[in-house]
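Scroll down for the structure; my scribbles are underneath it.
What follows draws every value from the coordinates through simple rules; no lab data is involved. Note that the structure is a prediction, hence the values are computed from the model and not measured. Neighbour counts run over all protein chains shown; Cβ positions are idealised from the backbone, glycine included.
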Amino acid sequence: MKLDYQNIISKVYTDIIAKENFGKVPSYIPELACIDDNKFGINFTDLKHNSFGIGDFEEKFSIQSISKVFALSFVYEKLDEKLWKRVDVEPSGSAFNSLVQLEADCGIPRNPFINAGALVICDILLEICNNPKQELIQFIRDLTGDQQIFFNEKVAASELENSFRNAAMCNFMKSFGNIKSQPDAVIELYCHLCSIEMTCKQLSMSFLYLANLGKTPSNDLQILSSSKAKRLNAILLTCGFYDESGEFSFRVGLPGKSGVGGGIVAIYPQHYCITVWSPKLNEKGNSYRGMKFLEEFTTQTGESIF
Ligand code: GLU
């Protein structure tokens, strides 16, 4: 029987919006704390070009750590497997901005989705690009098929002014030789990466290459080989939700990525991407309603990778 995704999405949306919205918006990036915390949007886009949304799905928000997936894809395609000498592919089991593991692991971050890992990816971008910010944003625009994607300079500046933990991590990794450029330049690029704004609809579009063996379905760009796309999905499944990755896999059963802006993108390989945005975060830093929505969505569709 063919599933009526639109109907399932609007039913789950209506159920969730009727219940209390728990959690809180992060205050450590002041510019993010200004958001209306009752925003709630969903977009579903599949490989057959069906796309629909509900709520605030066409409003731009700060994608924060979701952008780490784009930066990793860009770097992985260029460096191939030697990338993994500088960043590992293991779940961290600790907070996204934790410093403790770095000492035991000699400055090699557990995975590319915790902050330390993304800082190493930014350091690599500085090494391999002439103009990393411009090349990265263009890469994201091309894979989305939409030129209307930008950094938010206010959010980047707000994070930069308060990036004491990220600066500590970056300097610590530099002491182990795993950061090559000046830490200030790495952090500046990292804060810009986190400041990118997109809508739920743009995010679902942009992630379709990961559902489609590495190729964008709209304009046939081979972003990653199919083998690399498989590996990237595997890292998303095991590491995409900080130290709640096991829980997301257990409850939702799809690879995905969250950000402290309240966005979550989940991928059903060979089929579709679904993006949810709701700014209030649970204690692990993932969108409270986003987690609830996706758990209920895959329960009702009966579809997951397992
Ligand atoms: N800009 C955020 C930070 O570095 C990103 C965190 C996230 O979304 O996981 O703390």
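Split the chain at each of the trypsin sites (Lys or Arg not before Pro) in a DSSP loop with at most 15 other beta carbon atoms within 10 Å, and the longest piece is 49-179.
List the aspartates and glutamates whose Cα sits under 13 Å from the Cα of residue 180, skipping any in the same chain fewer than 8 residues away. Residue 180 reaches 123, 127. Take every Cα pair under 8 Å whose residues are at least 6 apart in sequence, average their separation, divide by the length of the chain, and the relative contact order is 28 percent. Counting only lysines at least 8 places from residue 292 when in the same chain, those with an alpha carbon closer than 22 Å to its own are 11, 19, 24, 39, 60, 201, 257, 280, 284.
Let me check I've understood the local charge: for residue 19, count other residues with C-beta under 14 angstrom from its C-beta, Lys and Arg +1, Asp and Glu -1. What total comes out?
Working: positive: 11, 280, 289, 292; negative: 15, 20, 295, 296.
Neighbour charge sum, excluding residue 19 itself: 0.
Would you please name the chymotrypsin sites (Phe, Trp or Tyr not before Pro) within the stretch 1-101 that are DSSP coil residues with at most 12 other C-beta atoms within 10 Å of their C-beta? List each step's numbers first, then the result.
On the way: sites: 5, 13, 22, 28, 40, 44, 52, 57, 61, 70, 74, 76, 84, 96; in loops: 22, 28, 40, 57, 96.
Those satisfying the criteria are 22.
Of all segments of the chain bounded by GluC sites (Glu not before Pro) found in a DSSP loop with no more than 16 other C-beta atoms within 10 Å, the longest spans 60-282. Counted by neighbouring Cβ atoms within 10 Å, the residues 16, 274 run from fewest to most as 16, 274. Its Cα centre serving as origin, the stretch 1-121 has a Cβ charge dipole (Lys and Arg +1, Asp and Glu -1) of approximately 200 debye. Considering the options 217, 67, 181, tell which one lies farthest towards the positive end of the dipole of the chain, charges being +1 on Lys and Arg and -1 on Asp and Glu at the Cβ, about the Cα centre. Farthest towards the positive pole: 217. Measuring between their Cα centroids, the stretch 186-200 and the stretch 1-53 lie 21 Å from each other. The GNM of the chain, with springs linking C-alpha atoms under 10 angstrom apart, assigns the highest mean-square fluctuation among 178, 131, 212 to 131.
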